[in-house]
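See structure below.
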Amino acid sequence: MKNIRLVSSGIEFALYASFCHAADFGGKSWGYAWADTPQGKFECINDDSTDNFQVLKLNGRVVFRQTVESSWISEGDTLANGIRQSGVGCPSIIANERGYVVIVRDTQPPHYGVQGYAIIDFNEKEPILITLAEGQRPQDEKVARSQRFGWSAKGLRFRYFGYLPDQPSSTAGSAKPRHHELFLDFSSDIVDVTK
């Protein structure tokens, strides 16, 4: 009877393992985030081990290291300039699909409730950082994951509550935040507003 129970448990484990996939991104609190990419493991570290400076790694190689001299991260078109973080650590990774990693990070002091979305294209030899738009908490965080992302072979449909791309947010006279939808065309890396 013991042998039958062991065989049964082994079959159950094998079936469970075949239907469950390992996570391809994650992190812990604000100081560490990671994602599996076509170029290897991408990591952001910003904790006591880095003296609370941002370090970005790709497949074990450092691609950006924040220093005292570069305390303000300007964020450019590639990871070589770092990822903007407004003094609150690494971005959160919220999606990882088809070689594209979607991140969200505070782009203004956290108490303003403004969070910026960007996507990193790891299909390119030099990963490209594409800014999407800024969302306004807490309404933005109420957009369900199933409603937020629409992946296809041509691109990504992205829904959020906030501001249009290149629109000033949380400033006097800025437009009120509302629901928007963007489309990122994978062939051109161009972001178009669809709603």
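The residues in segment 8-31 that are part of a strand (DSSP E or B) and either at pLDDT 95 or above or charged (D, E, K, R) (or both) can be counted, and the count is 1.
Here is the figure for segment 65-78: residues that are under 17 Å from the mean Cα position of the chain (by Cα) and either farther than 17 Å from residue 92 by Cα or in a strand (DSSP E or B) (or both) total 3.
Evaluation of residue 55 against the conditions (1) among the β-branched types (Val, Ile, Thr); (2) within 29 Å of residue 182 (Cα to Cα); (3) touching a helix residue (DSSP H, G or I) at 6+ places or on another chain (Cβ under 9 Å) shows that the sole unmet condition is (2). Only one of the numbered conditions (1) buried (at least 17 other Cβ atoms within 10 Å of the Cβ); (2) touching a residue at least 60 places away in the same chain (Cβ under 8 Å) is not met by residue 155, and that is (2). Name the residues in segment 32-57 that are outside any strand (DSSP E or B) and under 14 Å from the mean Cα position of the chain (by Cα), would you? Matches in segment 32-57: none. Restricting attention to segment 91-106, which residues are crowded, with 21+ Cβ neighbours inside 10 Å and part of a loop (DSSP other than H, G, I, E, B)? Scanning segment 91-106 gives a single hit, 91. Scanning segment 110-130 for residues that are among the polar types (S, T, N, Q) and either touching a helix residue (DSSP H, G or I) at 6+ places or on another chain (Cβ under 8 Å) or free of Cβ contacts under 8 Å to residues at least 60 places away in the same chain (or both) yields a single hit, 115.
The values are calculated or read from the model by the stated rules, or taken from the named source; none is laboratory data. All of these numbers come straight from a predicted model, not from anything done at the bench. Reconstructed Cβ throughout: ideal geometry from the backbone, glycine too, with neighbour counts over all protein chains shown.
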